[in-house]
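Scroll down for the structure; my scribbles are underneath it.
The values are calculated or read from the model by the stated rules, or taken from the named source; none is laboratory data. The shown structure was predicted, so the numbers you read here are calculated from the model rather than taken from an experiment. For neighbour counting, all protein chains shown are included, and Cβ atoms are generated from backbone atoms with ideal geometry for every residue, glycine included.
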Amino acid sequence: MKAACFRLAWALTASLMLAAPLGASAQPAGRLTVALPAEPATLDPHKGNTRYNYLFNSNMFEGLVLRNDKAELVPGLAESYSVSPDGLTYTFNLRRGVKFHDGSTMTAEDVKFSLERATSPATRNPLLSFIKAIDRVDILDANRVALRLKERDAIFLKKLAFAGWVVPQKYLQSVGDDGFARRPVGTGPFRFVSRSINEQIEMQANESHWGWVPKIRSLVLRTVPEDAVRLGMLQTGEADIVAEMPPPLLDRISAMRGVKTLSHPSGEIYWLVLNIKDGAKDSPLLNQKVRVALNHAIDKQSIINNVLKGQAVLIPGALAPSVSAVDPRMKPYAYDPALTRRLLAEAGYPNGIKIDMYSSVGRYTLDRDISLAIASQLKAVGVDVNLNLWDSAKWVGDLSKKYYPISYQAFGNTVFDPEGLMIFGVHSKAFWSFYKNDAVDKLIDESLKIVDQKERDAHFQKIDRALYEDASHVFLWESKILFGMRDRVNWRPQAGDNVYKFWTASVEK
């Protein structure tokens, strides 16, 4: 009971801190145009599953709890909450007087409808796995709802902030799913104005927002897949921000007058995934010494410097430094070709090994160039790599067949907690996992019950150390995202948050 009371006290404090509108002293002004390489597949928050869907959702919609522009978990449409002693019931006190963009008042019925829609199999919500613990939603009174869980989830609130978007029941039912996707309505800092598919989405400041009003009046998200075109838009002033630029363009952006660069830690880790679960029984990768040898075989810093132009940081294990507490005693595997050869010999491979490696072309930044560099470095130390470079669609399609011995992959962090990586990418039962270690599985299972953040940090450091010592993967780097931005723009995303929020962005006249 003490834990529940503590969480309630924290929530009340946080809601008071958030209550003062951040932009109340001035009317929103100016137009911010952001050029992105892709757009949301749908504007329905319960049906999209790309980073650009998440970006749109975070500016347009809100949940009972949310991540603010500093990536902090704070009260949203609920001003406070409490948790039952068994961790199975979350009771939320709704914020009163919240208006949807169509002028209607948000009610407990809207919250119940939204979460039931989000968890219904009929919706086919790609984010269902994040909130699948919800068993039912009960309306206690006009201003309180209770979420009953099937099982305890230590980071339920983090997941709810990512996937628990609230929509207006009456409006959605009146226009239908397709109509809502064409003209969505939420409660967020920006409201929808218009969309031209494959061209742009225009949004406008919600001047009736319950907590704060954006500093800019108009937000335009332009869809521009071509890097060179986004670069030209920045140079001419057609775009105020160009996002996710390839690192080789860094020098050209830096040389532009009236432009600045922003190198943003993404929270996304890159590694070579080694198949030691579904691979051949005679695979050399089953030998831990071989896996350690591979970790010492790649000059990762050279690739960061020469291919990625400094837009990444080395990682010792599986945790991204910008969003997770990494054990400072862990150091990245050193580049040591001589040690690689010695370890391979000790493992029974004095003449090296032959291995197939599969990589995508176009899925990750410079994935082709990086894969070629890695294969070349491996061959130099006696690892004869047969590199298969496939287009992104084929590579992703075959990934689930689990026959890749080695593959170059990335893994993001959508809930700001290592659980997302461990449950979906490491645990032997995970769909994306190529790894099996009973001791690590047990540690990951134990993490699901740990609520205290300091305890969670220490526990995940223990898991990270176990992965490191077992050389479960070849650990590479956490990537950075490169932006070009006009000098007159004031905006900076929070480290590790690659779902960009433009609530506090401003444009000087």
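Looking for whichever is surrounded by 22 or more Cβ atoms within 10 Å (Cβ to Cβ), farther than 30 Å from Pro189 by Cα, among the hydroxyl-bearing types (Ser, Thr, Tyr) and touching a residue at least 12 places away in the same chain (Cβ under 8 Å) here; the options are Ser400, Ser472, Ser428. Which one fits?
Every option except Ser472 fails the conditions.
Quick check on region 333-349: of everything there that is in contact with a helix residue (DSSP H, G or I) (Cβ under 7 Å, 6 or more places away or on another chain) and assigned to a loop (DSSP other than H, G, I, E, B), which residue is surrounded by the fewest Cβ atoms within 10 Å (Cβ to Cβ)?
Here the answer is Ala334.
Consider Lys509 carefully, then state whether it is in contact with a Ser or Thr (Cβ under 8 Å, 6 or more places away or on another chain) and either surrounded by fewer than 20 Cβ atoms within 10 Å (Cβ to Cβ) or not β-branched (Val, Ile, Thr) (or both).
Judged against the criteria, Lys509 is not a match.
Name the residue that is modelled with the highest pLDDT, counting only residues in region 363-393 that are touching a Lys or Arg at 6+ places or on another chain (Cβ under 8 Å) and under 21 Å from Ser479 (Cβ atoms).
Leu389
Quick one: count up the residues across region 383-411 that are touching a helix residue (DSSP H, G or I) at 6+ places or on another chain (Cβ under 6 Å) and over 24 Å from Lys480 (Cα atoms).
The total comes to 2.
Kindly indicate the residue of region 183-237 that is polar (S, T, N, Q) and closer than 18 Å to Asp44 by Cβ and also modelled with the lowest pLDDT among those meeting that condition. Let's see the steps before the verdict.
Going through region 183-237, the residues polar (S, T, N, Q) turn out to be 187, 194, 196, 198, 200, 204, 206, 208, 218, 223, 235-236.
Of the ones still in play, those that are also closer than 18 Å to Asp44 by Cβ are 187, 194, 196, 198, 223.
Working: Thr187: 98, Ser194: 98, Ser196: 97, Asn198: 94, Thr223: 97.
Top of the filtered list is Asn198.
Looking at (1) out of contact with any helix residue (DSSP H, G or I) (no Cβ under 7 Å at 6 or more places or on another chain); (2) surrounded by 16 or more Cβ atoms within 10 Å (Cβ to Cβ), which is the one condition that is false for Pro328?
Here Pro328 meets the rest and fails (2).
Just one of (1) buried (at least 16 other Cβ atoms within 10 Å of the Cβ); (2) of a type in the set (Asp, Glu); (3) without any contact (Cβ under 8 Å) to a residue 24 or more places away in the chain trips up Asp178, so point out which.
Every condition holds for Asp178 apart from (1).
Among the residues of region 364-392, how many are of a type outside the set (A, V, I, L, M, F, W, C), in contact with a Leu (Cβ under 8 Å, 6 or more places away or on another chain) and in contact (Cβ under 8 Å) with a residue 60 or more places away in the chain?
Summing the residues that are of a type outside the set (A, V, I, L, M, F, W, C), in contact with a Leu (Cβ under 8 Å, 6 or more places away or on another chain) and in contact (Cβ under 8 Å) with a residue 60 or more places away in the chain in region 364-392 gives 1.
So the check is Cβ under 7 Å with 6+ separation or different chains; which pairs have a first residue in region 277-297 that's under 20 Å from Phe431 (Cα atoms) and a second one that's surrounded by fewer than 17 Cβ atoms within 10 Å (Cβ to Cβ) and among the small types (Gly, Ala, Ser)?
So the pair list comes out as Lys277/Ser428.
Across region 214-240, what is the number of residues that are surrounded by 19 or more Cβ atoms within 10 Å (Cβ to Cβ) and out of contact with any strand residue (DSSP E or B) (no Cβ under 8 Å at 6 or more places or on another chain)?
Number of matching residues: 0.
So is Tyr435 part of a strand (DSSP E or B), within 24 Å of Asp282 (Cα to Cα) and touching a residue at least 24 places away in the same chain (Cβ under 8 Å) or not?
no
Where residues in region 394-432 are among the aliphatic types (A, V, I, L, M) and assigned to a helix (DSSP H, G or I), which of them is nearest to the chain's Cα centre (by Cα)?
Leu421
Scan region 362-373 for residues that are touching a strand residue (DSSP E or B) at 6+ places or on another chain (Cβ under 7 Å) and within 14 Å of Leu399 (Cβ to Cβ) and jot them down.
Tyr364, Asp367
Quickly run through region 272-302 and pick out the residues that are surrounded by 21 or more Cβ atoms within 10 Å (Cβ to Cβ), hydrophobic (A, V, I, L, M, F, W, C) and either under 31 Å from the mean Cα position of the chain (by Cα) or modelled with pLDDT under 95 (or both).
Within region 272-302, Leu272, Val273, Leu274, Ile276, Val292, Ala293, Leu294, Ala297, Ile298 qualify.
Yes/no per residue for (1) closer than 30 Å to Asn275 by Cβ; (2) part of a strand (DSSP E or B); (3) over 20 Å from the mean Cα position of the chain (by Cα):
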site	(1), (2), (3)
Ile463	yes, no, yes
Tyr468	yes, no, yes
Phe475	yes, yes, no
Lys480	yes, yes, no
Met485	no, yes, yes
Pro493	no, no, no
Asp497	no, no, no
Tyr500	no, no, no
Lys509	no, no, yes
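Taking region 82-131, which residues are basic (Lys, Arg) and under 22 Å from the mean Cα position of the chain (by Cα)?
Arg124
Residues of region 374-393 being out of contact with any strand residue (DSSP E or B) (no Cβ under 8 Å at 6 or more places or on another chain), closer than 25 Å to Asn305 by Cα and in a helix (DSSP H, G or I), which ones? Spell out the reasoning first.
Here is the first cut: in region 374-393, the residues out of contact with any strand residue (DSSP E or B) (no Cβ under 8 Å at 6 or more places or on another chain) are 376-377, 380-381, 393.
Those still in the list that are closer than 25 Å to Asn305 by Cα too: 376-377, 380-381.
Those that are out of contact with any strand residue (DSSP E or B) (no Cβ under 8 Å at 6 or more places or on another chain), closer than 25 Å to Asn305 by Cα and in a helix (DSSP H, G or I): Ser376, Gln377, Ala380.
Please pick out the residue among Ala26, Ala41, Ala35 that is more than 15 Å from the chain's Cα centre (by Cα), among the aliphatic types (A, V, I, L, M) and crowded, with 24+ Cβ neighbours inside 10 Å.
Sole residue among the options that is more than 15 Å from the chain's Cα centre (by Cα), among the aliphatic types (A, V, I, L, M) and crowded, with 24+ Cβ neighbours inside 10 Å: Ala35.
What number of residues within region 147-162 are touching a strand residue (DSSP E or B) at 6+ places or on another chain (Cβ under 9 Å) and part of a helix (DSSP H, G or I)?
Result for region 147-162: 6.
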